[in-house]
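Values in this text are rule-based calculations from the coordinates and carry no lab data. As the structure is a computational prediction, the values presented were derived from the model and not from experiment. Note that each Cβ is placed from the backbone with ideal geometry, even for glycine, and that neighbours are counted across all protein chains shown.
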Amino acid sequence: MKSDGNKVKETLINITNVIEENKDYLCALDSEVGDGDHGVSMTIGMRTARKALLALQNPTPESAFRAVADAFADEVGAASGVLYETAFEAAAKSAAGKRMLETPADWASVLEAVANEIQSVGKVQLGDKTMYDAWQPAADALRHAANNNESLQSALGKATTAALKGVEDTKNLIPKRGRASRLGERARGHQDAGATSAYLMIKTIEESLAGQTQQIRK
């Protein structure tokens, strides 16, 4: 499960495909409490990212992550665009100088960088019913597994499980950010679209590094 630049590039391309395949699902979730465009906004960024990644020659992990950051910077004007531009740039910085991302600690650093940037830029906390509710538990689970010297496959599996729990937990939360926050109690019972797309990305990382690329849906 060693990940050189080409493997990271392949994994990120898989992410772009999975998000686009789930565009309508994500929009449907978002329409329940938001403006219904999360799937569209994410797909715009991911299509541009896929084009940039496919053109990337001899990538490093750093340059692969940065290609995604640049795509969101160029194409996505929604809040998710700003968050993922800076989050993938943070991922690129966490991978700087590394030819391989081959240990749970390597990937924990990536997920922590993403989660920390989303928290900082979005000014969110756990329980605010946002994408952070999937990213931070996944990063924590991966770091815990790394500290326990688990295999990368096991560690990524635990990160995915934690992200899924985070998604499920958003159903019982009242949103604190974005348009959905205006609904208050009426938003309770609805799954957060941003947390769901984050889960799809984390699950795709796990399955890509294990050699699986089938469509994922939650």
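The table for this structure:
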quantity: In the stretch 17-60, the residues that are buried (at least 24 other Cβ atoms within 10 Å of the Cβ) and either on the phi > 0 side of the Ramachandran plot or without any contact (Cβ under 8 Å) to a residue 40 or more places away in the chain (or both); calculated: G45, M46, A49
quantity: Residues that are closer than 17 Å to V167 by Cα and among the acidic types (D, E), drawn from the stretch 134-155; calculated: D140
quantity: Enumeration of residues in the stretch 88-105 that are without any contact (Cβ under 8 Å) to a residue 40 or more places away in the chain and within 19 Å of L152 (Cβ to Cβ); calculated: A91, S94, K98
quantity: Residue match in the stretch 22-45 (condition: among the β-branched types (V, I, T), closer than 19 Å to I205 by Cβ and outside any helix (DSSP H, G or I)); calculated: no
quantity: One residue from K123, K98, K129, K93 being at positive phi and touching a helix residue (DSSP H, G or I) at 6+ places or on another chain (Cβ under 8 Å); calculated: K129
quantity: Within the stretch 88-116, considering residues that are under 13 Å from Q136 (Cβ atoms) and more than 12 Å from the chain's Cα centre (by Cα), the one surrounded by the fewest Cβ atoms within 10 Å (Cβ to Cβ); calculated: N116
